[in-house]
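> Please see the structure below; I have some questions.
The values are calculated or read from the model by the stated rules, or taken from the named source; none is laboratory data. Not measured: the values here are computed from a predicted model. Cβ atoms come from the backbone with ideal geometry, glycine included; neighbour counts cover every protein chain shown.
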Amino acid sequence: MTQATASRPAAQTSIGSAASALAARPPGRRRRGFGARGSGLINLLYLPAVLLFAVFAVYPLISGVGYSFTNWDGYSPEKPFVGLENYLRLFQDDTFRQVLGNTFIYGIGSMVIQQILGLGLALALDRPMRGRGAARAIIYLPVLVSPVIMGTMYYLLFQFNNGAFNDIVVAFGGERVAWLSQPSAAVAIVVAVNSLQFVGISMIIYLAGLQSIPQTYYEAAMLDGAGTWQRFTGITVPLLQPAFATSIVLNLIGGLKLFDVIKVMTNGGPGYSTNSVSTLIGITYFENQSAGYASAMGVVLFVIIAIFTLALNALLNRRRLEQQ
């Protein structure tokens, strides 16, 4: 018998003894180093985020609700309590009803356009093609631009004098058009500008959803004789339900609280014809010095966004469960 063969049982015996000793060690002693102490340290890491959220989100929300029951002017230390007077005034205010209608147009209109364009671009750029990465980057690039800059750029295109669109109209023998002075046209332009700027978000969300769908599903459908439309409605749409939910909710919230583009392009005018609730809050607070009334508008806008978000999430989740 060689020396290596003779030492093998001894090595096996020592390994077995070590394993037995490790198994016999109390379980609490092995976990004490990371389990209790480590979980406590991890919980402490949440504390800065919780504090920031409480200071910059929870506290302003609670303060805004409190101010909505007062007649505060925004500057005086006195905040007279008026109860529900501000909310009753809101529902009797013709200007607020008009602006609320504009807000729904901005939110729903932008959301619909972004879903259609975003899904179409995602389907087109999901296929192998030359320059696909550059095209995706170009479409997403406006998302990184400030809405103020985007609004200024489009204002220069649509302005009455020296605007690019009016110069084109004049070049073809037409007359200049006051695009941003006509309420219906101005609202439509704001919706289009907001949709074109943020369509890249929808495109990225749908691209991620498309790339998560196994290609074997499409191959099996093609073997069964399914056409392009049948594969789209039978495979792509059902499996994109999570992407639909995310994109619709994000775009709707962004449209409902639209502010920057409106202020830069139309400044809410003529009159209050193109204002959203967000811009009207700024006018009411700073120009009219009615912080209590502006806070009531903010609370109503918050409730509207919350209702839309919860309702859409519930609807889309139910449809996704029905299709599984």
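> Take the conditions assigned to a helix (DSSP H, G or I), of a type outside the set (Val, Ile, Thr) and farther than 30 Å from Leu196 by Cβ and apply them to Gly40. Does it pass?
Here the answer is yes, as Gly40 does meet what is asked.
> Residue check, Thr228 against (1) in contact with a Leu (Cβ under 8 Å, 6 or more places away or on another chain); (2) of a type in the set (S, T, N, Q); (3) without any contact (Cβ under 8 Å) to a residue 40 or more places away in the chain, all met but one. Which one?
(1)
> May I pose another question? Filter region 137-173 down to the residues that are part of a helix (DSSP H, G or I) and of a type in the set (Phe, Trp, Tyr), then identify the one that is farthest from Phe198 (Cα to Cα).
Top of the filtered list is Phe165.
> How many residues does region 108-131 hold that are surrounded by 13 or more Cβ atoms within 10 Å (Cβ to Cβ), among the charged types (D, E, K, R) and without any contact (Cβ under 8 Å) to a residue 24 or more places away in the chain?
0
> Another one. Looking at Pro270, Pro238, Pro214, can you tell me which residue is at pLDDT below 90, over 25 Å from Asn102 (Cβ atoms) and surrounded by fewer than 22 Cβ atoms within 10 Å (Cβ to Cβ)?
Exactly one of Pro270, Pro238, Pro214 is at pLDDT below 90, over 25 Å from Asn102 (Cβ atoms) and surrounded by fewer than 22 Cβ atoms within 10 Å (Cβ to Cβ), namely Pro238.
> How do the pairs read when you match residues in region 231-243 that are on the phi < 0 side of the Ramachandran plot with residues anywhere that are aliphatic (A, V, I, L, M) and not in a helix (DSSP H, G or I), using Cβ under 6 Å and keeping only pairs 6 or more apart or on different chains?
Every condition considered, the pairs that remain are Leu239/Ile213.
> Follow-up. Of all helices (runs of 4 or more DSSP H) completely enclosed by region 176-265, which ones contain at least 1 residues that are over 19 Å from the mean Cα position of the chain (by Cα), within 26 Å of Tyr140 (Cβ to Cβ) and not charged (D, E, K, R)?
In region 176-265, 183-211, 215-223, 260-265 are the helices (runs of 4 or more DSSP H) which contain 1 or more residues that are over 19 Å from the mean Cα position of the chain (by Cα), within 26 Å of Tyr140 (Cβ to Cβ) and not charged (D, E, K, R).
> I need the full set of residues from region 70-107 which are in contact (Cβ under 8 Å) with a residue 60 or more places away in the chain and at positive phi, in order please.
Correct list: Gly74 only.
> Looking at region 86-106 only, could you name the residues that are polar (S, T, N, Q) and either under 16 Å from Phe302 (Cβ atoms) or assigned to a helix (DSSP H, G or I) (or both)?
Asn86, Thr95, Gln98, Asn102, Thr103, listed by residue number.
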